[in-house]
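Asks: Can you keep this structure in mind? I'll have questions shortly.
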Amino acid sequence: MKNTRYIPVIALMLIAALTRFIPHPFNFTAIGAMALFGGATINDKRLAFLLPLVVMLLTDLIIGFHNVMIPVYACFAFTVLLGVFLQKKQKVWTIASASIISSVVFFLITNLPFWFGIRYPNTFGGAMESYTLALPFFTNQLAGDLFYSAVLFGTFALVKMRFPKLAKQN
């Protein structure tokens, strides 16, 4: 691999993927943060999108597939895109904002299939019930995204301080 910057980035992303396998509250994993981090730190956009989605697919092979995979994967692709926009603006505020936006979009999009025909009536009341009952998952998602974004971006910032050559690579 020509770009040695990718070694710690990919290592952090793979470690983040392991959070799907350790006991955790529902939705409190590093997957959203991993997608944001990948988009923000991998300059090759194809790899930035491909790596988090492949990691999701591989972990889903082990955990099991589900009937809302398409919206979930689409949300993670959106999160990678948010990360791409952060590439030149990686500040605490922008990373936290992108994490929050990612969590909100994930919550809104991935709950649509549950409301729209899977578990709730196709009415406004059904939609409100679906989203209301999903709030604990949203709070875990938000907390996980913020926590793991801080861990991933913070760890990489420390690695770049220790190895300044990593900060200069494109």
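The values are calculated or read from the model by the stated rules, or taken from the named source; none is laboratory data. Values in this document were obtained by computation on a predicted structure and should not be read as measured data. In this analysis, Cβ positions are derived from the backbone assuming ideal geometry, glycine residues included, and neighbour counts consider all displayed protein chains.
Asks: Please verify whether the range 3-21 includes one or more residues that are more than 20 Å from PHE153 (Cβ to Cβ) and free of Cβ contacts under 8 Å to residues at least 40 places away in the same chain.
Replies: The answer is no; no qualifying residue exists.
Asks: Looking at the range 17-26, is at least one residue crowded, with 17+ Cβ neighbours inside 10 Å, among the β-branched types (Val, Ile, Thr), within 11 Å of the chain's Cα centre (by Cα) and under 20 Å from PRO136 (Cα atoms)?
Replies: No, there is no match, as no residue in the range 17-26 is crowded, with 17+ Cβ neighbours inside 10 Å, among the β-branched types (Val, Ile, Thr), within 11 Å of the chain's Cα centre (by Cα) and under 20 Å from PRO136 (Cα atoms).
Asks: I would also like to ask the following. Evaluate the following for VAL54: is it surrounded by fewer than 16 Cβ atoms within 10 Å (Cβ to Cβ) and under 23 Å from THR139 (Cβ atoms)?
Replies: Against the criterion (surrounded by fewer than 16 Cβ atoms within 10 Å (Cβ to Cβ) and under 23 Å from THR139 (Cβ atoms)), VAL54 does not qualify.
Asks: Does ALA11 meet the test of being surrounded by 18 or more Cβ atoms within 10 Å (Cβ to Cβ) and small (Gly, Ala, Ser)?
Replies: Here the answer is no, as ALA11 does not meet what is asked.
Asks: Run down ALA150, ALA134, ALA127 and say which single residue is modelled with pLDDT under 90, of a type in the set (Gly, Ala, Ser) and closer than 21 Å to HIS24 by Cα.
Replies: ALA134
Asks: Then there is this: Given the structure, is ASN43 of a type in the set (S, T, N, Q) and either more than 30 Å from ALA167 (Cβ to Cβ) or outside any loop (DSSP other than H, G, I, E, B) (or both)?
Replies: Judged against the criteria, ASN43 is not a match.
Asks: Also, I was wondering about something else. Can you tell me which residue within the range 27-73, out of those that are under 13 Å from the mean Cα position of the chain (by Cα) and hydroxyl-bearing (Ser, Thr, Tyr), is modelled with the highest pLDDT?
Replies: TYR73
Asks: From the set of residues in the range 54-81 that are in contact (Cβ under 8 Å) with a residue 24 or more places away in the chain and in a loop (DSSP other than H, G, I, E, B), which is nearest to ILE31 (Cα to Cα)?
Replies: Per the stated criteria, the residue is VAL68.
Asks: When you go through VAL84, VAL104 one by one, which is the residue that is at pLDDT 90 or above, under 19 Å from PHE49 (Cα atoms) and in a helix (DSSP H, G or I)?
Replies: Of the residues listed, the single one that is at pLDDT 90 or above, under 19 Å from PHE49 (Cα atoms) and in a helix (DSSP H, G or I) is VAL84.
Asks: Looking only at helices (runs of 4 or more DSSP H) that fall completely inside the range 119-170, which ones have 3 or more residues that are surrounded by 16 or more Cβ atoms within 10 Å (Cβ to Cβ)?
Replies: 124-133, 135-162
Asks: What are the residues in the range 87-99 that are surrounded by 14 or more Cβ atoms within 10 Å (Cβ to Cβ) and hydrophobic (A, V, I, L, M, F, W, C), if any?
Replies: Matches in the range 87-99: ILE95, ALA96, ALA98.
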